[in-house]
Number of protein chains: 2
Amino acid sequence: MAKTYTYPDKSLWQSILQRPTHKSEDLQNTVKEIFNAIAFKGDEALKEFTFKFDKVQMDSLLVSEAEFVEAENILNLDLKLAIQTAYQNIKKFHEAQKPKDEYVHIIEGIDCWRKSTPIDKVGLYVPGGTAPLFSTVLMLGIPAVIAGCEQIILCTPPNKEGKIHPAILYAAKYVGVHAVYKVGGIQAIGALTIGTETIPGVYKIFGPGNQYVTAAKQMASLQGVAIDMPAGPSEVLVFADGSGDADFIASDLLSQAEHGVDSQVVFVTTHEAMIKKVQLAVEQQLEKLPRKEIAEKALQNSLYILLKSDEDALKLINEYAPEHLILCSLNEEYFIQNLQNAGSVFLGNYTPESAGDYASGTNHTLPTNGYARSYSGVSLDSYFKKITFQKITTKGIQLLGKTIEIMAENECLEAHKNAVSIRLKKINDQ
Amino acid sequence: MAKTYTYPDKSLWQSILQRPTHKSEDLQNTVKEIFNAIAFKGDEALKEFTFKFDKVQMDSLLVSEAEFVEAENILNLDLKLAIQTAYQNIKKFHEAQKPKDEYVHIIEGIDCWRKSTPIDKVGLYVPGGTAPLFSTVLMLGIPAVIAGCEQIILCTPPNKEGKIHPAILYAAKYVGVHAVYKVGGIQAIGALTIGTETIPGVYKIFGPGNQYVTAAKQMASLQGVAIDMPAGPSEVLVFADGSGDADFIASDLLSQAEHGVDSQVVFVTTHEAMIKKVQLAVEQQLEKLPRKEIAEKALQNSLYILLKSDEDALKLINEYAPEHLILCSLNEEYFIQNLQNAGSVFLGNYTPESAGDYASGTNHTLPTNGYARSYSGVSLDSYFKKITFQKITTKGIQLLGKTIEIMAENECLEAHKNAVSIRLKKINDQ
């Protein structure tokens, strides 16, 4: 089922590591139609699409205070405490990311600085489906609250009874999200982009989703609303030398595989014996999984790659740019120092990806599909934008004025030059 | 020609401040065709499109060492020195933005941290046209070099003699750009996205451009290559109370207006007399400008808005989210503290926008079109991505394991739970 490569030539790496391409073009017309309907009919359109896609007739889209109270009452204590523990750790890690303003005295009379300000209005999207993704509420909501965004709203689709899973509502309330709306899919992203009577439009949209949500987020970004990052199927690359534990590695590969049939699972090693051991452990553990069918399909595209050296492994990792990288190596420091492209890294045998997915503190919203070459995962930074300031005195403009005039003149922008000349003249005339 | 509003009601602000909408859809097919041709024919396609659009037959796309030497020889000394001065200031400001890694000890046995790594391959685009935009070379190239990007390449269209303006070549060499290619427009962005025999594909593309370049950058971002930010026409909002100098303000409005006929020019004041004064000064200064025709057209859409109070002015500024904001106010600190949305801010009578456009140190690549609500301008940050790391010991997983298990179980991800359980079991069995 999985493909195994023994010492593949570097010239083949690119084709071996090729991710499946996803076409989203066909959805653009659907997205446009739904966005247009929302622009035209507002809430009414949201309710119509919710009836059509989620099979439920909604009277109100806003989650009421009574619904939050009910959620808190019915959620079991163990899960509440787990959410609270995860909250503490995630908060601690993201609080350390608070931006500092930089003040720079450039030359006499010229000071420049940069100030971080929170994005006023952010929209968080949490997908529906079989499982309630309350962990995503934590990952998107906690940094929004730390950043101090003025309006933090969350959309998530209702189930057939028109309800939201209590764990999602509990997490949203606990984190400090300001309002939760029962709407999902393209129509949720449309509402966050355009705004309706009930749901205010936002400046940036965060959150995962299926191909419909992804296509809708693309449209949002073309319409001037920022998005967290482009989406793709989740992926893990595990590298282990002989120091890795085959059972642990298998459990990590399987936790990636159970995400979806398009999950990308890659195992790289410099120790030939590891491949058989890991494959055997995967087969054994797979049998007991409730999501066996999904994992099995994902594993059909999994890769096992044997390489000659740590240097080769590092090169391959940097070329693939995995969303998640698990590293079990006696040469750990070498990899840490020279790693260029990855979303989030898990070091050693006792650091499973699940820790970062839920509770250790790092964010689980990460760049997939090779985007780790140029994108960071969601962090506190994602909720801020930075404004530059400058203040120049008469002395400063006297010192720098000539430089600006010469440059503006050579770019044929005479009015730019004149904005300096007119000031210099007034100083000289005084 | 300009529109003047006296104490407009807040309910009207949105429509008054409405920016013109730009449709780029018609270009998508052209962009697709050109990208496909590049994917299929590489350099040959680039040369064909350069012949078609730039009317010149190119033998080689790469700027040679001899061409750099020639540029240095023919460029006049004044301009060289001005470029060097601007270089120093821009470098000083951007060096202060160097990211610091954050190490966080979460709980016993769990450490998480974040490390900034430069984006390996970046492509800078500098438009052609009537003026040589060497200042853009500085603004995009300096932070790329400070960040330590491994491959920094630049594309810019050749003139009809197949040459690049010496100021662009001089600035590129001085900054430390690794290679310059003589290709522009959609085909340049296509080459940077896809890669050809001569021009390597990159991970992120920076730089301004016309509607063709903008459409091509949109396509690049859909194909997995990051871009600096979405583009729109340049804009300035000047706010002045009675402390503003009408002549200076007029010169700033005009330097925005000369950029292009679609430039957005807004003047806001709390002092009624300022409006007439500024309008008069604009009319006088306009007469002497070589780019008078362009500026005149842009001014037809300019706005003069009289408001009752600084509070109102602040609200309007935050709602408009100007790319450039010039502030001449006795109440300066109030605006600085409460400003939420702007790209770059220029404080006081002796701080013209031209200073930041060229030489004071701040970057001139800024969010237009209201994107300042969610985007920052280009900075050193734009050339880094951040990787999170975590390391958990046996003690750490024993402390946090139960939390992860409960959360994974409640999200119906049994394999995620098992990745923890299997580790806890091994610890207990030892």
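How far apart are the B:Leu62 label points across copies, placing each 7 Å from Cα toward Cβ, in nm, shortest first? Spelled out, the distances from B:Leu62's label point are 6.3 nm. Rounded if a/c is under 1.5, else prolate if a/b is larger than b/c, else oblate: which is the protein assembly as shown, with a ≥ b ≥ c the root eigenvalues of its Cα gyration tensor? Prolate, because a/c is 1.5 or more and a/b exceeds b/c.
Between identical copies, the spacing of A:Thr394 label points, each set 7 Å from Cα toward the C-beta atom, reads 7.5 nm from nearest to farthest. In the range B:228-353, Cα pairs under 8 Å separated by at least six residues give a relative contact order of 31 percent.
Distance between the modelled labels on B:Ser243 and B:Glu150, one decimal in nanometres: 5.1 nm (7 Å Cα→Cβ projection). Report, for chain B, the % of DSSP beta bridges that are antiparallel, rounded to 5. If I count the DSSP bridges inside chain B, around 30 percent turn out antiparallel. What is the range A:132-199 by shape, rounded, prolate or oblate, if you read a ≥ b ≥ c off the alpha carbon gyration tensor as root eigenvalues and call it rounded for a/c under 1.5, prolate for a/b larger than b/c, and oblate otherwise? Since a/c reaches 1.5 but b/c is at least a/b, the shape of the range A:132-199 is classed as oblate. The range B:107-178 and the range A:57-116 have Cα centres spaced 35 Å apart.
Taking all protein chains as shown and a probe of 1.4 angstrom, B:Ser243 keeps an accessible surface of around 40 Å². For the range A:229-299 versus the range B:275-343, the spacing of their alpha-carbon centroids is 58 Å.
Computed 3J(HN,Hα) for the range B:360-367, one whole-Hz value per residue from the Karplus formula 6.51 cos²θ - 1.76 cosθ + 1.60 where θ = phi - 60°, is 7, x, 6, 7, 9, 8, 10, x, glycine and proline marked x. The mean sequence distance of close C-alpha pairs (under 8 Å, at least 6 residues apart), as a share of the length of the range A:130-238, puts its relative contact order at 22 percent. In the range B:240-399, the convex hull through the Cα atoms has an average projected area of 12.9 nm², a quarter of its surface area. The A:Lys163 and A:Phe51 beta-carbon pair, evaluated with R₀ = 22 Å, returns a calculated FRET efficiency of approximately 0.90. Full extension of the segment from A:Asn29 to A:Asp59, taken as 0.36 nm per residue of separation minus the current Cα-Cα distance, would add 8.0 nm.
Heavy-atom accessible area, probed at 1.4 angstrom with all protein chains present, ranks B:Tyr5, B:Tyr383, A:Tyr212 as A:Tyr212, B:Tyr5, B:Tyr383, highest first. Of all the options A:Met139, A:Met229, A:Met407, the one that moves most in a Gaussian network model of chain A with Cα springs shorter than 10 angstrom is A:Met407.
Loop-located trypsin sites (Lys or Arg not before Pro) across the range A:232-322 with a Cβ neighbour count of 14 or fewer within 10 Å are A:Lys288, A:Lys308, with loop assigned by DSSP. In the structure displayed, which of A:Lys173/B:Lys426; A:Lys41/B:Lys10; A:Lys308/B:Lys402 lie more than 28 Å apart, Cα to Cα? Those over the limit are A:Lys173/B:Lys426; A:Lys308/B:Lys402. Peptide A:369-379 shows a mean partner chain C-beta count of 6 within 10 Å per residue C-beta. When you filter the GluC sites (Glu not before Pro) in the range A:99-195 for DSSP loop state and at most 15 other Cβ atoms inside 10 Å of their Cβ, you are left with A:Glu108, A:Glu150, A:Glu161. Distance between the 7 Å Cα→Cβ label points at B:Ala66 and A:Gln84: 7.7 nm. For the set B:Ser382, B:Ser376, the ranking by accessible area, highest first and with no ligand, DNA or RNA atoms included, is B:Ser376, B:Ser382 under a 1.4 Å probe. Distances between copies at B:Ala273, taken between label points 7 Å from Cα along the C-beta direction, are 9.2 nm in increasing order. Computed on chain A, with alpha-carbon pairs under 8 angstrom and 6+ residues apart, the relative contact order is 21 percent. The phi-based Karplus calculation (6.51 cos²θ - 1.76 cosθ + 1.60; θ = phi - 60°) puts the 3J(HN,Hα) values of the range A:85-101 at 5, 4, 3, 4, 5, 5, 4, 4, 5, 6, 5, 5, 8, 4, x, 10, 6 Hz, whole numbers, x for Gly and Pro.
Quick one: grab the alpha carbon gyration tensor of chain B, order the square roots of its eigenvalues as a ≥ b ≥ c, and give me rounded if a/c is under 1.5, else prolate or oblate depending on whether a/b is larger than b/c. Oblate, because a/c is 1.5 or more while a/b does not exceed b/c. Applying 1/(1 + (r/R0)^6) with r as the Cβ-Cβ distance of A:Asn73 and A:Thr130 and R0 = 22 angstrom yields a FRET efficiency of 0.40. Using a cut-off of 28 Å between Cα atoms, the listed pairs A:Lys163/B:Lys386; A:Lys80/B:Lys425; A:Lys92/A:Lys277 include A:Lys163/B:Lys386; A:Lys92/A:Lys277 as exceeding that distance.
The values are calculated or read from the model by the stated rules, or taken from the named source; none is laboratory data. For clarity, every value in this text was computed on a predicted model and none was experimentally measured. Virtual Cβ from ideal backbone geometry, glycine too; neighbours counted across all protein chains shown. Areas reflect the complete protein model, heavy atoms only, side chains present, ligands, DNA and RNA absent. Shrake-Rupley method; radii C 1.70, N 1.55, O 1.52, S 1.80 Å.
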